[in-house]
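Have a look at the structure below, then the notes.
The values are calculated or read from the model by the stated rules, or taken from the named source; none is laboratory data. Just so it is clear, the structure is predicted and the values come from calculations on it, not from any experiment. Here the Cβ positions follow ideal geometry from the backbone for every residue, glycine too, while neighbour counts run over all protein chains shown. Quick note on the areas: whole protein, heavy atoms, side chains included, nothing else; ligands and nucleic acids left out. Shrake-Rupley method; radii C 1.70, N 1.55, O 1.52, S 1.80 Å.
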Amino acid sequence: LTLRTTLDRDLQKLAEEVVTRRLEADGQARNVDQAALVAMTYDGAILALVGGRDYEASQFNRVTQAKRQPGSLFKLFVYLAAFEKGFTPQSVLVDAPVQIGEWEPQNASGRFRGAVNLRTAFAQSINTIAAQLADEVGIPAVIDMAKRFGVQSELPNVPSLALGSAEVTLLEMTRAFAAVAAGQPVEPYAVRAIRARDQALYTRPAAGAP
């Protein structure tokens, strides 16, 4: 059998070099000895994938298997759910102390900006605004949006989900952001075609334009 993959050898080599350089430069200071990287086109084609520093030392794939809290990356789904419910980038909320049940989200800066529109709140990653939005539209709506964009990990129905407290894989989040670029759901793939001598056994359908 002959398999034609999506991998770009030059990009794969570069990805491995980038991971190695970053770990050598910052790994010890940050107490990190592993890293992962995945590069994907808008249609889901995986161009490069590095699951760890050294495959011989560890076969655990940190792109597809490791689950980590995505943090503010998860706000993407909060804002998408809010826009679907009628909010717009010009909608205004107040960045101020917030309490949802027993949870009191804080901003990374430790300060509050007052009235801001959602465009600014998203650009500046304001935690209190994301928490208010998720509370307004409902955490189930945020979970549904994340699932529609390809997140398959379990997502708990808790307020802190708005700030990325659940654990997901790097591939899931990359897939979600690729879907934003594509304007439609994206299915990651690494095989374009399979042939047995002159017989085509499988050919992936061409993706539509974004």
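Over the stretch 43-110, the pair-distance histogram of Cα-Cα distances with 10 Å bins from zero comes to 13, 27, 28, 21, 11, 0 percent, rounded to whole numbers. Among Val158, Val32, Val137, the largest mean-square fluctuation in a Gaussian network model of the chain, built with springs joining Cα atoms closer than 10 Å, belongs to Val32.
Using Cα springs under 10 Å in a Gaussian network model of the chain, which residue among Gln90, Gln106, Gln12 shows the largest mean-square fluctuation? Greatest mean-square fluctuation among the candidates belongs to Gln90. Between amide H atoms placed 1.01 Å from N, distances below 5 Å from Leu47 occur with Ala39, Met40, Thr41, all of them 5 or more places distant or on a separate chain.
If each DSSP helix of 4+ residues adds -39,500 (n - 2.57) and the sum is divided by the residues in the chain, what number results at 222 nm, nearest 500 deg cm²/dmol? Estimated from H runs of four or more residues: -9000 deg cm²/dmol. Reducing the stretch 128-150 and the stretch 13-34 to their Cα centroids gives an inter-centroid distance of 33 Å. Here the stretch 72-90 is scanned for amide nitrogen atoms under 16 Å from the site 7 Å beyond the Cα of Thr120 along Cα-to-Cβ, giving 88-90. Annotated for the stretch 1-148: lysine pairs at least 8 residues apart or interchain, Cα distance under 29 Å, count 6.
The modelled label-to-label distance for the pair Lys85/Phe60, using points 7 Å beyond Cα in the direction of Cβ, is 3.7 nm.
The fraction of accessible area contributed by carbon and sulfur in the stretch 71-154 is 50 percent, rounded to a whole number (1.4 Å probe; ligands and nucleic acids excluded). By the Kirkwood approach, averaging reciprocal distances over each pair of separate Cα atoms, the chain gets a hydrodynamic radius of 19.2 Å.
Of all the Cα-Cα pairs you can form in the stretch 103-210, what percent are over 25 Å apart?
It works out to 39 percent of all Cα pairs.
Residue by residue, the stretch 154-165 carries 3J(HN,Hα) couplings of 5, 10, x, 7, 9, x, 5, 4, 4, 9, x, 7 Hz when phi is fed to the Karplus relation 6.51 cos²θ - 1.76 cosθ + 1.60 (θ = phi - 60°); x denotes Gly or Pro. Under 5 Å from the amide H of Thr5 lie the amide H atoms of Arg192, each residue being 5 or more positions distant or on a separate chain, with H modelled from the backbone and absent for Pro and chain starts.
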